[in-house]
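Some notes on the structure that comes next.
The values are calculated or read from the model by the stated rules, or taken from the named source; none is laboratory data. All figures in this text were calculated on a predicted structure; none of them were measured in a lab. Backbone-built Cβ (ideal geometry, glycine too); neighbour counts: all protein chains shown.
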Amino acid sequence: MIKILFVSSGNNKFGISPIVYNQGESIKKYDIHIDYFTIVGKGIFGYLKNVFLIRNKINNKYDIIHAHYSLSALATTLASPNIPFVVSLMGTDSRMNIFWRMLIKICYLAFWDHTIVKSKSMKESLHLNKASVIPNGVNLEKFELRDKLEMRKKLGLLENNKYILFFSNPERPEKNFSLAKNAVNNLKDDSIILLPIFDKKHSEAIEYLYASDILLMTSLWEGSPNAIKEAMACNLPIVSTDVGDVKWLIDGVDGCYLTSFDPNDVAEKIKLSLNFSDKVGRTKGRERIIQLGLDSDTIAKKIIEVYNSVIKND
């Protein structure tokens with residue numbers, strides 16, 4: 001049995017990121033042992049304090065180390081693992097400053113056995129020619145379709161309002177909440193509610209996907225945003241700026257719209273999406289996820305192929 005150590009941030013309010021945890025659990029289904037090491041400590045110095053802890057955790061017990069996000073990868077690199085080392089870079093890693101991007105490139109060339117990025121645009125912006133593009137998958141078993149009105153009742157939302165879900169922390173500048181707020185204000189309709197959801201357990205947060213009318217993403221940048229894929233898994237209409245791989249994800253899905261960064265354009269796309277929600281209801285986003293092979297099982301198999309290749313080449 002292959003033994004893998006996942007290294008990632010543990011600074012999430014609930015510990016390990018659900019994105020990282022769900023990926024590990026999907027891989028476990030294929031008779032692969034996964035352990036998790038979560039880094040507690042913020043900023044570069046907070047991560048560096050974990051170098052010796054990571055080294056002690058490795059202790060020749062694993063076949064592969066798989067680090068998620070560049071800060072976790074740097075701390076693991078400094079722990080000097082003498083076993084195959086896989087790194088997954090996320091959307092935020094592509095927007096680091098020039099010094100940090102140069103550091104990523106050096107580690108990619110000299111220390112990392114295989115690098116995974118989440119979209120083609122990330123691969124191009126970071127100039128990582130040999131990196132694999134493997135987006136995060138969606139566990140479709142967690143997204144069984146539920147009745148909108150029943151979920152509103154459970155969550156204490158009003159039945160007749162229009163709810164626009166903003167599935168991010170408004171305080172994160174890259175999520176560009178001000179654009180979402182200005183666009184909704186331009187609609188001049190008090191029954192249309194912009195609903196930011198963050199700092200909730202994943203199982204609780206996804207309930208709002210069923211209760212809402214549309215998902216709105218106004219980000220300045222993304223990799224392969226899980227919020228979009230999870231909304232698609234729920235067949236929820238979407239309005240999003242053209243960031244990361246969103247254009248590819250929603251291509252051909254009626255009820256899903258790309259927008260510019262002009263609040264008037266965002267408002268118009270919201271109107272279109274709400275109109276679709278009223279007349280048609282749900283999209284065929286779930287079918288698109290399956291068509292693209294973005295279910296968690298298919299993605300798990302692609303990552304296992306990476307593991308087998310680095311072990312073979314070690």
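Return the only residue of Lys28, Lys57, Lys49, Lys61 being free of Cβ contacts under 8 Å to residues at least 24 places away in the same chain, in contact with a strand residue (DSSP E or B) (Cβ under 7 Å, 6 or more places away or on another chain) and farther than 29 Å from Ile197 by Cα.
Numbers: Lys57 fails: free of Cβ contacts under 8 Å to residues at least 24 places away in the same chain; Lys49 fails: in contact with a strand residue (DSSP E or B) (Cβ under 7 Å, 6 or more places away or on another chain); Lys61 fails: free of Cβ contacts under 8 Å to residues at least 24 places away in the same chain.
Every option except Lys28 fails the conditions.
Give the stretch 1-29 a look and list any residue that's in contact with a helix residue (DSSP H, G or I) (Cβ under 6 Å, 6 or more places away or on another chain), of a type outside the set (Gly, Ala, Ser) and modelled with pLDDT of 95 or more, or say none.
Phe6, Val7, Ile27
State whether the residues of the stretch 4-23 include one that is charged (D, E, K, R), loosely packed, with under 15 Cβ neighbours inside 10 Å and touching a residue at least 60 places away in the same chain (Cβ under 8 Å).
Restricting attention to the stretch 4-23, the residues satisfying the condition of being charged (D, E, K, R) are 13.
Imposing the further condition that a residue be loosely packed, with under 15 Cβ neighbours inside 10 Å reduces the set to 13.
Those left that are additionally touching a residue at least 60 places away in the same chain (Cβ under 8 Å): 13.
Yes, there is a match, as at least one residue in the stretch 4-23 is charged (D, E, K, R), loosely packed, with under 15 Cβ neighbours inside 10 Å and touching a residue at least 60 places away in the same chain (Cβ under 8 Å).
Output the residues belonging to the stretch 175-190 that are farther than 19 Å from Lys271 by Cα and either outside any helix (DSSP H, G or I) or at pLDDT below 95 (or both).
Within the stretch 175-190, the subset farther than 19 Å from Lys271 by Cα is 175-176.
Correct list: Asn176 only.
Taking the stretch 191-241, which residues are at pLDDT 95 or above, charged (D, E, K, R) and not in a helix (DSSP H, G or I)?
Hit for the stretch 191-241 is Asp213, nothing else.
Which condition number in (1) part of a loop (DSSP other than H, G, I, E, B); (2) surrounded by 19 or more Cβ atoms within 10 Å (Cβ to Cβ); (3) not hydroxyl-bearing (Ser, Thr, Tyr) is the one that Gly281 fails?
Going through (1) part of a loop (DSSP other than H, G, I, E, B); (2) surrounded by 19 or more Cβ atoms within 10 Å (Cβ to Cβ); (3) not hydroxyl-bearing (Ser, Thr, Tyr) one by one, Gly281 breaks only (2).
For the stretch 242-268, give me each residue that is assigned to a helix (DSSP H, G or I) and either touching a residue at least 60 places away in the same chain (Cβ under 8 Å) or surrounded by fewer than 21 Cβ atoms within 10 Å (Cβ to Cβ) (or both). Let's see the steps before the verdict.
Applying the first criterion (assigned to a helix (DSSP H, G or I)) to the stretch 242-268 yields 246-250, 263-268.
Answer for the stretch 242-268, where residues must be assigned to a helix (DSSP H, G or I) and either touching a residue at least 60 places away in the same chain (Cβ under 8 Å) or surrounded by fewer than 21 Cβ atoms within 10 Å (Cβ to Cβ) (or both): Lys247, Trp248, Pro263, Asn264, Asp265, Val266, Ala267, Glu268.
Any idea which of (1) not assigned by TED's automatic domain parsing to the domain that holds Lys28; (2) not in a strand (DSSP E or B) is the one Glu124 doesn't satisfy?
(1)
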